[in-house]
Amino acid sequence: MTYESILTALADPTRRMIFEDLRKGARSVTDLASDRPVSRPAVSQHLKVLSDAGLLKVTAQGTRRLYAIDRDGLAPLRSYLDSFWEDVLDAFASEVSKQNEESQND
């Protein structure tokens, strides 16, 4: 998966709420639908988008499926965001080096 597919999946507010609910642990479609004014079929569709983006693990428990966050699925997004942080740190290091050179020349 790519960070783009993750960002697209999390762009929808309802999907983000469902994803954040799953931070508390694995839940079924029925459990997730009971917490919001969204039908079970709609929750299922949101879970499919999140799953297709590599963000969920699905396990069968009897006749129901439990959905949980797949933390490894966040790796592409984490790498993408870390690249910005690395750019900031590189710029900071360059500025410190530049200021050190200027102070030595004074």
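Quick one: which of PHE92, PHE84 is modelled with pLDDT under 95, closer than 26 Å to MET1 by Cα, out of contact with any strand residue (DSSP E or B) (no Cβ under 8 Å at 6 or more places or on another chain) and not charged (D, E, K, R)?
PHE84
Condition check: open to solvent by 80 Å² or more (accessible area, probe 1.4 Å), part of a helix (DSSP H, G or I) and hydrophobic (A, V, I, L, M, F, W, C). Does LEU81 satisfy that? Quick ask: steps written out before the conclusion?
Working: open to solvent by 80 Å² or more (accessible area, probe 1.4 Å): yes; part of a helix (DSSP H, G or I): yes; hydrophobic (A, V, I, L, M, F, W, C): yes.
For LEU81, the condition - open to solvent by 80 Å² or more (accessible area, probe 1.4 Å), part of a helix (DSSP H, G or I) and hydrophobic (A, V, I, L, M, F, W, C) - is met.
Restricting to the range 11-33, count the residues that are touching a Leu at 6+ places or on another chain (Cβ under 8 Å) and either over 17 Å from GLY54 (Cβ atoms) or crowded, with 19+ Cβ neighbours inside 10 Å (or both).
The total comes to 9.
Report every pair of residues separated by at least 6 positions or lying on different chains whose Cβ atoms are under 8 Å apart, first residue within the range 6-20 and of a type in the set (Lys, Arg), second open to solvent by less than 80 Å² (accessible area, probe 1.4 Å) and in a helix (DSSP H, G or I).
If the second residue must be open to solvent by less than 80 Å² (accessible area, probe 1.4 Å) and in a helix (DSSP H, G or I), the pairs left are ARG15/ALA9; ARG15/HIS46; ARG15/VAL49; ARG15/LEU50; ARG16/LEU10.
Does the range 69-78 include one or more residues that are open to solvent by less than 90 Å² (accessible area, probe 1.4 Å), assigned to a helix (DSSP H, G or I) and free of Cβ contacts under 8 Å to residues at least 40 places away in the same chain?
Taking the range 69-78 as the starting set, the residues that turn out to be open to solvent by less than 90 Å² (accessible area, probe 1.4 Å) are 69-70, 73-77.
Okay, now just the ones that are also assigned to a helix (DSSP H, G or I), so 73-77.
Adding the requirement that they be free of Cβ contacts under 8 Å to residues at least 40 places away in the same chain leaves 75.
Looking for residues that are open to solvent by less than 90 Å² (accessible area, probe 1.4 Å), assigned to a helix (DSSP H, G or I) and free of Cβ contacts under 8 Å to residues at least 40 places away in the same chain, one finds at least one in the range 69-78, hence yes.
Going residue by residue through the range 42-61, is there one that turns out to be open to solvent by 30 Å² or more (accessible area, probe 1.4 Å), touching an Asp or Glu at 6+ places or on another chain (Cβ under 8 Å) and of a type in the set (A, V, I, L, M, F, W, C)?
Within the range 42-61, one or more residues are open to solvent by 30 Å² or more (accessible area, probe 1.4 Å), touching an Asp or Glu at 6+ places or on another chain (Cβ under 8 Å) and of a type in the set (A, V, I, L, M, F, W, C).
The values are calculated or read from the model by the stated rules, or taken from the named source; none is laboratory data. It should be emphasised that the depicted structure is a prediction, and the values quoted were computed from it without experimental measurement. Don't worry about glycine lacking a Cβ; one is built from the backbone with ideal geometry, like all the others, and counts go over all protein chains shown. Note: areas computed on protein heavy atoms with side chains; ligands, DNA, RNA excluded. Shrake-Rupley method; radii C 1.70, N 1.55, O 1.52, S 1.80 Å.
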